[in-house]
1. Can we say G242 is in contact (Cβ under 8 Å) with a residue 24 or more places away in the chain and assigned to a loop (DSSP other than H, G, I, E, B)?
2. Would it be correct to say that E112 is acidic (D, E), touching a residue at least 12 places away in the same chain (Cβ under 8 Å) and either surrounded by fewer than 20 Cβ atoms within 10 Å (Cβ to Cβ) or touching a helix residue (DSSP H, G or I) at 6+ places or on another chain (Cβ under 6 Å) (or both)?
3. Report, by residue number, each residue of region 310-326 that is surrounded by fewer than 22 Cβ atoms within 10 Å (Cβ to Cβ), charged (D, E, K, R) and modelled with pLDDT of 85 or more.
4. Can you confirm whether V161 is hydrophobic (A, V, I, L, M, F, W, C) and out of contact with any helix residue (DSSP H, G or I) (no Cβ under 9 Å at 6 or more places or on another chain)?
5. Quick check on this structure: which one of L483, L472, L440 is more than 30 Å from N369 (Cα to Cα), touching a helix residue (DSSP H, G or I) at 6+ places or on another chain (Cβ under 7 Å) and of a type in the set (A, V, I, L, M, F, W, C)?
6. Hand me the list of helices (runs of 4 or more DSSP H) wholly inside region 291-388 holding 1 or more residues that are closer than 22 Å to H270 by Cα and of a type outside the set (D, E, K, R).
7. Run down E419, E467 and say which single residue is on the phi < 0 side of the Ramachandran plot, at pLDDT 95 or above and among the acidic types (D, E).
Amino acid sequence: MLIPDIRLSMKQQLHVFNKLTWNPSDDRALKTKLLQLECHFTWALTKENADLSDLQSRLEDQIELDLGKKVGAARSYCFLGYVRYLQGFLDDALANLLKSEELTREHGEDCERFLIITYGNLAWLHYYRGSYSQCKSFLEKLVGIKEKFPTGSPTMLHPEVYGEKGWTFLKFAFKYYEKAKECFRRALELEPDDSEWNAGYAIALYRTEVEPPKSEDSLTVKQLRLAIDKNPGDAVLMVLLGLRLAVFKQYNESEKLVDEAFEMDPSNPHVIRYVGKYFRHGGSVDRSIALFKRAVERTNNSAFLHHQLALCYKRKKADLYSKGGARGKGREIKQLIRQCIHHLQLATTLKSNFIIAMAELALHYGESNDIARAEDMFQTTFKVAKENHEKLHPIHCYYGEFQQYRKKSETLAVKHYKECLTLGQDTTDGKRSARSLKKLAEKRLVRDPRDGEAFGILGFVHKAEGERQQALECYEKALQFDLKNDEYLSALCDLRLSLQ
């Protein structure tokens, strides 16, 4: 017979008793059922892949923004419950999940379909808390929902599940964006006219699509137009379309969309941030700074906003240099550098794995002549990027610039520019690295027309850009002045074979 320890509270005694009488075979059976659920606990959302503090802040901001939208707020509470579980706060996780259930039930009839993920999370959470009877209770409720709302196929999910899964992947981390796109696509196959799934698919495409040469070929532009048609009052979608059309130089329509979006929802922090980004890209940096400062007053814990402010001050600094106004403006430039560093430090504090902001911060440390601190920050950035399986090519580009302009090491600059171009050939940073390599090589050839390494650099760039004939000619010249270079010889052999 099991004798409870009288030193424990009644709640603790029941918990111990429950644990002691639990059969291991029952545990395995229960775990098997739990693993078949569709919820945050089964979507491989590991805490190593996200900044949980930043994610918590964004979800809390979204809840405040969605106060009048019960389904949206319920979704955020549900996700926040899982985040709090990952952070080790099980009671808080339970409170958020129960709040999600409460708001969902206020949605009206047929609300059970929107409870599938919340109940799945509650089943898992009670399992981890040792409340097995409660866990079973939620599993039984899920069986009832499936019987009431069959999908027609064991492998097919409810559109609400696909949709919520898509929003989760969009919010969790960059590496999940492609999965988010697929989830919204599947939801639209089941409900092609649903406004929310159309909006989610448009945003997922916006974040993932490599820009095609023409706007009419852009699936993002087409989907944004469709989503706006389904969501005529969504200012965020309008400003995203404006940003994308500006890329294709369709400025009249893009500016009209941005103006309408801002007039429609001027207090929405998401609208403010994207309108500010639009003005920065368009050269209206002071307008952009004013908008971002306004947004920061409302959501000071946004890493995105602080990063955007840093980019604005960086743009102002670059404008001083490009317009020849840097002479006599040393104090102003130093002030702009300090402002960049201030906002980048805030951005990287609020979001500890904000790779681009970390690389920008390292570069600005170098620009302020704090070389040791810059070097430490770059090494930390490389380490965090590798641990989180983030793309490394932007960091190589920034580190190449640091080596070239701050440490005066052309050798290391070339090495890292090459690495960036290899890893991100068609990206903005890859193209920037290619330009830097060309300038370095051409400057060296002005000093010494017999510089074999300079010809080798040009050959590398031409080959990466698909200009095989030009690459071949450069490698031939490189070998004229550096006969025993195996790298040039190997590249030349590959090029000759490809041109046959």
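The values are calculated or read from the model by the stated rules, or taken from the named source; none is laboratory data. Please read these numbers as outputs of a predicted model, since none were measured by experiment. Neighbour counts are summed over all protein chains in view; Cβ atoms, including those assigned to glycine, are modelled from backbone coordinates with ideal geometry.
1. On the way: in contact (Cβ under 8 Å) with a residue 24 or more places away in the chain: yes; assigned to a loop (DSSP other than H, G, I, E, B): no.
Here the answer is no, as G242 does not meet what is asked.
2. Values: acidic (D, E): yes; touching a residue at least 12 places away in the same chain (Cβ under 8 Å): yes; either surrounded by fewer than 20 Cβ atoms within 10 Å (Cβ to Cβ) or touching a helix residue (DSSP H, G or I) at 6+ places or on another chain (Cβ under 6 Å) (or both): yes.
Criteria met by E112.
3. Result: R315, K316, D319.
4. Answer is no for this residue.
5. Working: L483 fails: touching a helix residue (DSSP H, G or I) at 6+ places or on another chain (Cβ under 7 Å); L440 fails: more than 30 Å from N369 (Cα to Cα).
Sole residue among the options that is more than 30 Å from N369 (Cα to Cα), touching a helix residue (DSSP H, G or I) at 6+ places or on another chain (Cβ under 7 Å) and of a type in the set (A, V, I, L, M, F, W, C): L472.
6. Hits in region 291-388: 303-322, 330-350, 355-367.
7. E419
Yes or no, residue by residue, for (1) buried (at least 22 other Cβ atoms within 10 Å of the Cβ); (2) hydroxyl-bearing (S, T, Y); (3) in contact with a Gly (Cβ under 9 Å, 6 or more places away or on another chain); (4) touching a residue at least 12 places away in the same chain (Cβ under 8 Å):
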residue: L257; (1), (2), (3), (4): yes, no, yes, yes
residue: Y274; (1), (2), (3), (4): yes, yes, yes, yes
residue: V296; (1), (2), (3), (4): no, no, no, yes
residue: A303; (1), (2), (3), (4): yes, no, no, yes
residue: Q308; (1), (2), (3), (4): yes, no, yes, yes
